[in-house]
Amino acid sequence: QVQLVESGGGLVQPGGSLRLSCAASGSSVSSYAMGWYRQAPGKQRELVARISSGGTTIYADSVKGRFRISRDNAKNMVYLQMNSLKPDDPAVYYCNQDRPDAIYWGQGTQVTVSS
């Protein structure tokens, strides 16, 4: 059974940084594409960043140059380093694994940006 558990969310001031972590079990983070999505109240869930099994990364235009997705295959973890956080960034952030047979989601972690 695949489980994804996010952590690292919290309250940060504008311009600050957070690092989100996603711990995977039951599946290897290096075997499939892994992504970070976010959903703000009243909005649709949107892709933030994605890393393919081969290591290719893509980012939403709104976070390019500020966020970085990475993975640690040995620890079976995926990370999202978020810098220069803006008032538009608050949301629940979800980790995702995109497999041919199914898509798995974590429970999400809340990110709040406020002074």
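Before moving on, here are some points about what is shown:
- Evaluating 6.51 cos²θ - 1.76 cosθ + 1.60 at θ = phi - 60° for every residue in the stretch 40-52, the Karplus couplings come out as 8, x, x, 10, 6, 5, 10, 6, 9, 7, 8, 10, 7 Hz, glycine and proline recorded as x.
- Interchain or long-range residues, amide H under 5 Å from residue 27's placed H: 3
- Each label was represented as a point 7 Å from its Cα along the Cα-to-Cβ direction; for residue 64 and residue 103 these points are 2.2 nm apart.
- Across the alpha-carbon set of the chain, the Rg to Rh ratio works out to 0.95, Rh being the Kirkwood radius.
- Solvent-accessible area per residue, Å², over the chain with all protein chains present [probe radius 1.4 Å]: 52 Å²
- Here the chain exposes an accessible surface that is 45 percent carbon and sulfur, computed with a 1.4 Å probe and the other protein chains kept in place.
The values are calculated or read from the model by the stated rules, or taken from the named source; none is laboratory data. Model, not experiment: these values are computed from the prediction. Neighbour counts are summed over all protein chains in view; Cβ atoms, including those assigned to glycine, are modelled from backbone coordinates with ideal geometry. What goes into the accessible areas is simple: the full protein's heavy atoms, side chains included, and nothing from ligands, DNA or RNA. Shrake-Rupley method; radii C 1.70, N 1.55, O 1.52, S 1.80 Å.
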